[in-house]
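The values are calculated or read from the model by the stated rules, or taken from the named source; none is laboratory data. Quantities reported herein were computed from a predicted structural model and do not represent experimental measurements. Here Cβ is always computed from backbone atoms with ideal geometry, including for glycine, and neighbour counts include all displayed protein chains.
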Amino acid sequence: MTKLLLPPLSAAVFLLGGCALPLLGGLTMSETNSGTSVVSTALTGKGLGEHALDAVTGQDCRITESLFRADRDVCEDRDSPATKDDFKGVAALF
């Protein structure tokens, strides 16, 4: 019985481990996600997780800002005084 389960289990671990099936030009899912998050942070000042928190809570969520500023919670009401000094990314310059 164990010998029958080993090949499918091994295949599942390999496929779900992020090392299989390159998505774009040889990049795996984790590399693509990391690159997307870096671009998102540079442009908007928020990573993908923070954008997801925004969508769920309806507030302005910034994890890094809350770690380094005592006046900032992770999620604040949009356009509140606590969000005034947030890094808005390169896109905010335009």
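Here are the numbers:
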quantity	calculated
Neighbours by Cβ (under 7 Å, 6+ apart or cross-chain): first from region 29-55, closer than 13 Å to Lys88 by Cβ and among the hydroxyl-bearing types (Ser, Thr, Tyr); second in a helix (DSSP H, G or I) and at pLDDT 90 or above	Ser40/His51
Count of region 58-77 residues which are in contact with a strand residue (DSSP E or B) (Cβ under 8 Å, 6 or more places away or on another chain), under 21 Å from Ala42 (Cβ atoms) and surrounded by fewer than 16 Cβ atoms within 10 Å (Cβ to Cβ)	0
Hits in region 48-68 - residues which are part of a loop (DSSP other than H, G, I, E, B) and within 15 Å of Ser37 (Cβ to Cβ)	Arg62
Subset of region 69-94 that is modelled with pLDDT of 90 or more and in a helix (DSSP H, G or I) - its residue that is nearest to the chain's Cα centre (by Cα)	Thr83
